[in-house]
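The values are calculated or read from the model by the stated rules, or taken from the named source; none is laboratory data. Just so it is clear, the structure is predicted and the values come from calculations on it, not from any experiment. Cβ: placed from backbone, ideal geometry, glycine included. Neighbour counts: every protein chain shown. SASA here: full protein model, heavy atoms, side chains in, ligands and nucleic acids out. Shrake-Rupley method; radii C 1.70, N 1.55, O 1.52, S 1.80 Å.
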Amino acid sequence: MSGEVDADRSAFDPSQGLFVVNQGAKTGARYALDSDLVSLGRDPKSDIFLDDITVSRHHAEVARDGQSYLIRDVGSLNGTYLNRNLVDEGQLNEGDEVQVGKFKLVFVRGDSSR
């Protein structure tokens with residue numbers, strides 16, 4: 001596990017995944033992964049809008065299948081990193097760190113306690 005965060009998870013469903021921004025202009029922000037497909041990018045229409053030139057307009061997406069979450073790069077210029085490894089796609093587990101441009105987001109679940 002790469003990232004650790006201390007976040008109030010009480011507002012989230014126990015099995016729901018969320019991202020907590022650990023580095024970047026939005027440090028501390030929390031984003032619920034509350035639909036089957038969540039987009040990340042510099043496009044203002046992205047579900048998770050990351051406004052920085054290092055982020056592609058359509059950078060990555062998170063797909064949910066039941067209680068499993070998968071991060072997928074969607075043709076970004078700078079790539080998507082999972083635990084510091086460049087990936088086309090990868091399974092998300094508690095504490096995993098996703099890097100999109102300058103932003104580092106830690107994946108956690110509502111029911112996890114640290």
Can you find a residue in segment 41-53 that is open to solvent by 90 Å² or more (accessible area, probe 1.4 Å) and under 14 Å from the mean Cα position of the chain (by Cα)?
-> yes
Do the conditions hold for Gly110, that is, is it over 20 Å from Thr27 (Cα atoms), of a type outside the set (A, V, I, L, M, F, W, C), open to solvent by less than 40 Å² (accessible area, probe 1.4 Å) and more than 12 Å from the chain's Cα centre (by Cα)?
-> no
Filtering segment 67-114 down to residues that are in contact with a Ser or Thr (Cβ under 9 Å, 6 or more places away or on another chain) and of a type in the set (Gly, Ala, Ser) yields Gly75, Ser76, Gly90, Gly95, Gly101, Gly110
Residues located in segment 45-56, provided they are in contact (Cβ under 8 Å) with a residue 40 or more places away in the chain and touching a His at 6+ places or on another chain (Cβ under 9 Å) = Leu50
Can Leu40 be described as touching a strand residue (DSSP E or B) at 6+ places or on another chain (Cβ under 7 Å), at pLDDT 95 or above and part of a strand (DSSP E or B)?
-> yes
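Are any of the residues in segment 19-32 out of contact with any strand residue (DSSP E or B) (no Cβ under 9 Å at 6 or more places or on another chain), without any contact (Cβ under 8 Å) to a residue 60 or more places away in the chain and of a type in the set (Gly, Ala, Ser)? Working first, answer last.
Our first condition is that a residue be out of contact with any strand residue (DSSP E or B) (no Cβ under 9 Å at 6 or more places or on another chain); within segment 19-32, this holds for none.
Checked segment 19-32: no residue is out of contact with any strand residue (DSSP E or B) (no Cβ under 9 Å at 6 or more places or on another chain), without any contact (Cβ under 8 Å) to a residue 60 or more places away in the chain and of a type in the set (Gly, Ala, Ser).
Would you pick out the residues in segment 80-114 that are touching a His at 6+ places or on another chain (Cβ under 9 Å) and small (Gly, Ala, Ser)? First the steps, then the outcome.
So in segment 80-114, the residues touching a His at 6+ places or on another chain (Cβ under 9 Å) come out as 80, 100-101.
Answer for segment 80-114, where residues must be touching a His at 6+ places or on another chain (Cβ under 9 Å) and small (Gly, Ala, Ser): just Gly101.
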Quick one: in segment 57-73, of everything that is without any contact (Cβ under 8 Å) to a residue 24 or more places away in the chain and outside any strand (DSSP E or B), which residue is surrounded by the most Cβ atoms within 10 Å (Cβ to Cβ)?
-> His58
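When you go through Gly101, Gly95 one by one, which is the residue that is in contact (Cβ under 8 Å) with a residue 40 or more places away in the chain and out of contact with any strand residue (DSSP E or B) (no Cβ under 9 Å at 6 or more places or on another chain)? Write out each step before concluding.
Numbers: Gly95 fails: out of contact with any strand residue (DSSP E or B) (no Cβ under 9 Å at 6 or more places or on another chain).
Just a single option satisfies the conditions, and that option is Gly101.
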